[in-house]
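Since every read-out is calculated from the coordinates, none of them should be taken as a lab result. Here the structure is a predicted model, which means the values were calculated and not measured. Note that we place each Cβ from the backbone using ideal geometry, even for glycine, and neighbour counts take in every protein chain shown.
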Amino acid sequence: MPEEKKLTKEELIKKAMIWKEIATKLHSFYRGKLMVMPKCAIESYQDFAWVYTPGVAEPCRKINKNVEDIWTYTNRWNYVAVVSDGSRVLGLGDIGPEAGLPVMEGKAVLFKYLGGVDAFPLVTRASKTEDMIQFLKWIEPNFGAINLEDIAKPRCFDILEKARQELDICVWHDDQQGTAAVIYGGLKNALKIVNKKLSEAKIVLNGFGSANKKVADILLLAGAKAEHLYIVDSRGVLGPHREDVKGTYKEWWANHTNAEHITGMLKDALKGADVLISMSKPGPGVIKKEDIQVMNTDSIVFVAANPIPEIWPWEAKEAGAKIVATGRSDFPNQINNSLGFPAIFRGVLDVMSKTVTDEMCIAAGDALAKFAEEKGIHEEYIIPRMDETEVFPYEAAAAAMQSVKQGVARIKTTWEEEYNRAKQIIEESQMMLNQLIKHGLIKHAPEDVVKVYRSKK
């Protein structure tokens, strides 16, 4: 992004903050971001006789006799529920289900545009784990998969594990598995650029909520060493000295990481570190330049807090970081789970997978890394950009094939078959939206609002 280098720091900060006003105006203009449209041709009022009564009775009878026929006679194969209780939304915290609905709507838009998936936002007041599990069981007959979103820890861990055990469809928590898949893909290429190995790198995880907990799981599965991980929460570095984490999900990590037995805070853990993966509080100023300065040469810094990273990217670079990634699209190296979930769900829905495994997340991360590598990776391009939409069918095929390999797919396929199928579904989804905009059925955003950022491209 060459134009970023021409801007002053003050201009960069101003540009990064414009979304607050723009998003408010556009949400009000559209009054929401989703609608429901038929996918079948209605060319005469007589068509309602097969769409509804009396014709619809026959597929109902067939499903009643063989419940698996639901995948043939309905759109369940492409329905995903985006479920949240609003207890841990973006960088906003516990704002409740109503305030979380705009996020879930946005998620559903990304599902459709990038993955061709029909997703429905479902916010709920199910504040207890058992209530959420019951809610998921109640809605299960409608959906081919469930995406859990913005649920506070530690309930998010329990809900995910119990739901995966008790439901017969894919359930995943995007803040966990989706984020981890993309972090892993970006880190794989970043390590290649600086000529370091995952198995040897000293990796510091700052913040240990749902996202970094699953990042740690995925990195270990991919070959990182537990003793080379250093986990920092609000009270300092995890280790055997941390009596306060006994009986919590952090206890295992306290006993198996931190080979140097560091007992301090983030800056202490970062001494000589090769990698920092931070998902903590929104910045700027949460991480200081002096924190980055103590890291190893050719250090890699992922600062993924939303909506503002823990440290501005240029400050991390000035402090010595070789490669910097954030969760934002207006800086190089966007590490965002939007690169993961639309394509992964596309793949698992197409093979009607019964679950999403961590190995499938690694397969998706490998696909992201390979796609970028074939284009030519460098310090400001370690992972595909969001506008490189050709990556999504590529990634979908990787997830689908891993599902088949692990024996959790209801349908067998080949890589080429799934790639072509996913490509067609995604392209058709985008074409439909473009046609609605072209014919004025979806209004263009007000020019005086969007010109502020479109003129910067």
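Need the full-extension length gain, V67 to E416, defined as separation in residues times 0.36 nm minus the C-alpha distance. One decimal, nm.
The V67-E416 span can extend by a further 122.7 nm.
With each run of n ≥ 4 DSSP H residues scored as -39500 (n - 2.57), what mean residue ellipticity at 222 nm is computed for the chain after dividing by its residue count and rounding to the nearest 500 deg cm²/dmol?
Helix contribution divided over all residues of the chain: -13500 deg cm²/dmol.
When the Kirkwood hydrodynamic radius is evaluated over all pairs of different C-alpha atoms of the range 310-457, what value in angstrom, to one decimal, is obtained?
When all Cα pairs of the range 310-457 are included, the Kirkwood radius is 17.3 Å.
Order of 425-438, 217-230, 165-178, 22-35 by packing, highest average Cβ count within 10 Å first?
Highest to lowest by the protection proxy: 165-178, 217-230, 425-438, 22-35.
In percent, what relative contact order does the range 32-174 have, based on Cα pairs under 8 Å that are 6 or more apart in sequence?
Value for the range 32-174: 24 percent.
What does the extension gain come out to for K451 and E379, with contour length at 0.36 nm per residue minus their alpha carbon separation?
So the chain would gain 23.0 nm between K451 and E379.
Please compute the contact order of the chain in relative form: average sequence separation of alpha-carbon pairs under 8 Å and at least six residues apart, divided by the residue count, as a percent.
Once divided by the residue count of the chain, the mean separation gives 14 percent.
What's the FRET efficiency of Q293 with R235 using the Cβ-Cβ distance as r and R₀ = 22 Å, to the nearest 0.05?
For R0 = 22 Å, the calculated efficiency reads 0.40.
Pull up all non-local amide H partners of F120: gap of 5 or more, or a different chain, and H-to-H distance under 5 Å with H placed in the peptide plane.
Excluding prolines and chain starts, which carry no amide H, the hits are V80, A81, V82.
Kindly put C60, C40, C156 in sequence by how many other C-beta atoms sit within 10 Å of each C-beta, fewest to most.
The most exposed by this proxy come first: C40, C60, C156.
For the range 275-325, just the Cα set please: Rg and Dmax, both in angstrom.
Rg and Dmax of the range 275-325, Cα atoms, are 9.5, 28 Å.
For the pair E58 and D330, what calculated FRET efficiency results from E = 1/(1 + (r/R0)^6), where r is the Cβ-Cβ distance and R0 = 45 Å, to the nearest 0.05?
That pair, D330 with E58, gives E of 0.30.
Tell me, how many Å apart are the Cα centres for the range 145-171 and for the range 308-379?
22
How large is log10 I(q)/I(0) at q = 0.23 Å⁻¹ when the Debye formula is applied to the Cα atoms of the range 233-306, each weighted equally and without solvent?
With no solvent term, the Cα-only Debye profile gives -1.13.
Could you list F341, F111, F120 in order of exposure, starting from the residue whose Cβ has the fewest other Cβ atoms within 10 Å?
Listed from fewest to most nearby Cβ atoms, that is F120, F111, F341.
Viscosity 0.692 mPa s, temperature 37 °C: what is the translational diffusion coefficient of the range 32-174 from Stokes-Einstein with a Kirkwood Rh over Cα pairs, rounded to a whole number of µm²/s?
198
For the chain, what is the percent of antiparallel DSSP beta bridges, rounded to the nearest 5?
Close to 15 percent.
In the range 65-122, which GluC sites (Glu not before Pro) are in a loop and have at most 16 other Cβ atoms within 10 Å, using DSSP for the loop call?
none
Apply the Karplus parameterisation 6.51 cos²θ - 1.76 cosθ + 1.60, with θ equal to phi minus 60°, to every residue of the range 26-32 and state each ³J(HN,Hα) to the nearest whole Hz, in sequence, with x for glycine and proline.
After applying 6.51 cos²θ - 1.76 cosθ + 1.60, I find 6, 5, 5, 4, 8, 6, x Hz.
For H261, put the label point 7 Å out on the Cα→Cβ axis and report which residues of the range 228-243 keep their amide N under 12 Å from it.
Flagged as within label range: 240-241.
Can you give me the long-range amide H partners of S353? Hydrogens built in the peptide plane at 1.01 Å from N, cutoff under 5 Å, separation of 5 or more residues or another chain.
Those qualifying (amide H under 5 Å, at least 5 residues apart or on another chain) are R410.
Out of all DSSP beta bridges with both ends in the range 32-174, state the antiparallel percent to the nearest 5.
Roughly 5 percent of the beta bridges in the range 32-174 run antiparallel, per DSSP.
Only sites in a loop by DSSP and with at most 16 other Cβ atoms within 10 Å count here; which trypsin sites (Lys or Arg not before Pro) in the range 109-179 make the cut?
Here the sparse-neighbourhood loop sites are R125, K128.
In nanometres, what is the gap between the two model label sites at E166 and A152, each 7 Å from Cα along Cα-to-Cβ?
A separation of 2.1 nm, rounded to one decimal place.
If packing is taken as the average count of other Cβ atoms within 10 Å, what order do 78-88, 344-354 fall into, highest mean first?
344-354, 78-88
Taking the Cα centre of the range 74-229 as the origin and placing charges on Cβ (Lys, Arg +1; Asp, Glu -1), which of W77, A216, N195 is farthest toward the positive end of the dipole?
Positive-most Cα among the choices belongs to N195.
If one computes P(r) from the Cα atoms of the chain, what percent of pairs lie at distances over 32 Å?
40
How do 318-327, 205-214 rank on mean C-beta neighbours within 10 Å, highest first?
205-214, 318-327
Can you sort K451, K107 from fewest to most other Cβ atoms within 10 Å of each residue's own Cβ?
By the 10 Å Cβ count, ascending: K451, K107.
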